[in-house]
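Let me begin by presenting the structure, written as structure tokens, before commenting on it.
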There are 6 protein chains.
Amino acid sequence: MSQLVEEFDAYRSKMNEVILGKQNLVLNRLFNLDTNTYAEGALSVKTKELLGLVASMVLRCDDCIKYHLGKCHEQGVTTQELYEVFAVANIVGGTIVIPHTRRAAEYWEELINS
Amino acid sequence: MSQLVEEFDAYRSKMNEVILGKQNLVLNRLFNLDTNTYAEGALSVKTKELLGLVASMVLRCDDCIKYHLGKCHEQGVTTQELYEVFAVANIVGGTIVIPHTRRAAEYWEELINS
Amino acid sequence: MSQLVEEFDAYRSKMNEVILGKQNLVLNRLFNLDTNTYAEGALSVKTKELLGLVASMVLRCDDCIKYHLGKCHEQGVTTQELYEVFAVANIVGGTIVIPHTRRAAEYWEELINS
Amino acid sequence: MSQLVEEFDAYRSKMNEVILGKQNLVLNRLFNLDTNTYAEGALSVKTKELLGLVASMVLRCDDCIKYHLGKCHEQGVTTQELYEVFAVANIVGGTIVIPHTRRAAEYWEELINS
Amino acid sequence: MSQLVEEFDAYRSKMNEVILGKQNLVLNRLFNLDTNTYAEGALSVKTKELLGLVASMVLRCDDCIKYHLGKCHEQGVTTQELYEVFAVANIVGGTIVIPHTRRAAEYWEELINS
Amino acid sequence: MSQLVEEFDAYRSKMNEVILGKQNLVLNRLFNLDTNTYAEGALSVKTKELLGLVASMVLRCDDCIKYHLGKCHEQGVTTQELYEVFAVANIVGGTIVIPHTRRAAEYWEELINS
């Protein structure tokens, strides 16, 4: 696994443990609900991950983007499909999304080349 | 067609005409590019409209939501599928998206009952 | 009750019923979790409602603002306390919050004078 | 004066009076500082109003947009100049800005035709 | 003091000096007004810092979050209280706030363990 | 050239090449349109770059800010003029813009001192 991906996963796991360990009921349920949101339903897991990705891009959250890129990779999303999601995000969200698209493109290259 | 839908479409058309009539090259090309974004490609038109919808919801733009709801309706999106998009939008974007979800739900009822 | 307050409550109830009636598990749990968030805990209900209000103001969601104004009124928040919340929201969020502050001020006058 | 412009100005004045009347020091100073921001300086009033307008557009605040459109009109901004500001706002902020651009275009027509 | 906290404070002080040194009247007054906003009033300093924190979280500004975490720590906010603020921020602002909550949790551990 | 500026330019160029190389028609046209937006027109290049800067600041995108700071420097914008743009951005967008203003101020010092 690439260093970029590994570091992201490690920090995410470590801090989730800290947060969940505080036993705040609302936060712990929200984290749980978050997982349910992307489960197979009327829409496929793949479609839901694309939805999560485009939402993260227009809201410009790099870590959320990385998370959904990892999931999209697991779901077999192709580079061509991915860039169509990038296109929707950049058209709806504007050129302000471009710097996040650069970091997303970098992370995707790491995912597909490792 | 319902009054809500008709009024939305009429205002949208009237003002697009005013804007495009000013012949600002960048704006006119962007409007054109916007249409291309949702064309069939590696991803289907239906998937792209769902992407446009979720992006509009987390960015909380009622008019953009209405526009994509109309397109989703044309693409045969079911109510169950739609509410899974609503779920992603509300989980990613938070309860701040709820009031927009109310108006989206109202508009969707108009679309499917007319 | 003032007409402004009554209309807001009626629309909110009607559309929540439509949304919850679709039985989307994630949305229904999120609505439920939303209620738990503002329950008495280490922080008082009053403090939590002030937090919900300031968050709604900087995110500029008029309906969310109205909802929390109603709850703040129930919790006995004074006008002077309320305007200190308005001050935090306008300083952190900028003058872009002013138009929402105007509508919040109007709604508050309705609440305290009815 | 057009009805749209008149109603906007009247509501704005009425609610500013309510807010300033509560004598919250921070809010009152911020309102005052807001006025100073657009005063002649190293940049002209006209340039500053264009800056205020584009900022209001990408942050998608219709009332702020209307306010700065009024000021731009007073400063002799031409329709061609204005639409170049609209272009920057829509490119930077994305198509999510389009519905606000429609309402801005409508308001501008009122301003120049009254 | 932890390295994370120290570096944050040092950069903040250094750049504030650069900015204030340019003597832009509006910016310097805004910086001053910012300080007044969190002064004891009808609401306590502690409550105001919680308001500043939740506003910073939903607007997803890591540096603003760190600043208010430092102030909350000075005001004797407990970890349980803090996580209730985190809960409000994540429910209102959505899971897009989670990555910022991770960094906030990390910074808080530094504050309480140093 | 300063290291900060050089690194920013290098990463930007490298990743733009990756993105454009994927030949997504919408993205490539948007990148192209972005360039046209800031061309001389009814408004000067300098004014348009100031507009791009203030839009980037209120939307709080550090990389976009850096890009427009570079362009403003090329256009001969003075420090006094720049800080008036900073003032508009901080008043409209609120103190949440301050951390981005710190990084902008740092980058500007690099630009004018190299």
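The values are calculated or read from the model by the stated rules, or taken from the named source; none is laboratory data. The shown structure was predicted, so the numbers you read here are calculated from the model rather than taken from an experiment. Positions of Cβ are generated from backbone atoms using ideal geometry, with glycine treated the same way; all protein chains shown enter the neighbour counts. Accessible surface areas use protein heavy atoms only, side chains included; no ligands, DNA or RNA. Shrake-Rupley method; radii C 1.70, N 1.55, O 1.52, S 1.80 Å.
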* Structure fact -> Total charge of the residues flanking E:Ser2 in space, meaning their Cβ is under 14 Å from its Cβ, with Lys and Arg +1 and Asp and Glu -1, is -4
* F:Tyr38: net charge of surrounding residues, Cβ under 12 Å, Lys/Arg +1, Asp/Glu -1, itself excluded? -> -2
* Asked: Which distances, in nm and shortest first, link the E:Val45 label point to the same label point in every other copy, taking 7 Å along Cα→Cβ?
  -> 3.0, 4.2, 5.2, 5.2, 6.3
* To do: Within segment C:9-114, list the trypsin sites (Lys or Arg not before Pro) lying in a DSSP loop whose Cβ has at most 16 other Cβ atoms in a 10 Å radius.
  => C:Lys22
* Structure fact -> Excluding near-sequence neighbours (fewer than 8 apart on one chain), chain C holds lysine pairs with C-alpha atoms under 25 Å apart numbering 7
* Asked: If you build a Gaussian network model of chain B, linking Cα atoms that sit under 10 Å apart, which residue out of B:Leu27, B:Leu82, B:Leu69 swings the most?
  -> B:Leu27
* Fluctuation leader among F:Ile65, F:Ile91, F:Ile19 - chain F, Gaussian network, Cα springs under 10 angstrom -> F:Ile19
* Interface area, F with A, accessible, probe 1.4 Å, both sides summed, Å² nearest 100 -> 1700
* To do: Just check the protein assembly as shown against the gyration tensor rule for me: Cα atoms, a ≥ b ≥ c as the square roots of the eigenvalues, rounded for a/c under 1.5, and otherwise prolate or oblate depending on whether a/b exceeds b/c.
  => rounded
* Structure fact -> Net charge near F:Lys14 (other residues with Cβ under 13 Å of its Cβ; Lys, Arg +1; Asp, Glu -1) is -3
* Based solely on its DSSP helices, what 222 nm [θ] is calculated for chain E when runs of n ≥ 4 H residues each add -39,500 (n - 2.57) and the sum is averaged over all residues, nearest 500 deg cm²/dmol? -> -25500 deg cm²/dmol
* To do: One decimal, nm, shortest first: give the distances between the label point of F:Glu74 and those of the same position in the other copies, each label point 7 Å from Cα along Cα→Cβ.
  => 3.6, 4.0, 4.3, 4.3, 5.7
* Nearest residue to the symmetry axis between B and C, taken on chain B by its Cβ, in whole Å -> B:Arg60, 5
* Structure fact -> Residue-ordered couplings for segment E:14-23, obtained by feeding phi - 60° into the Karplus form 6.51 cos²θ - 1.76 cosθ + 1.60 and rounding to whole Hz (Gly and Pro as x), are 4, 6, 4, 4, 4, 5, 4, x, 7, 6
* When each copy gets a label point 7 Å from Cα toward the beta-carbon at C:Gly21, what are the spacings between them in nm, shortest first? -> 4.2, 4.2, 4.8, 5.5, 6.6
* Structure fact -> Sorted by number, the cysteines in chain D with no other cysteine beta-carbon under 4.7 Å are D:Cys72
* Structure fact -> Quick shape check on segment E:1-45: root eigenvalues a ≥ b ≥ c of the Cα gyration tensor, a/c under 1.5 is rounded, otherwise prolate if a/b tops b/c, else oblate, and it reads oblate
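With a cut-off of 8 Å between alpha carbons and a minimum separation of six or more residues, what is the relative contact order of chain A in percent?
33
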* Structure fact -> A student applying the Cα gyration tensor rule (rounded when a/c is under 1.5; otherwise prolate if a/b is larger than b/c, oblate if not) would label chain A prolate
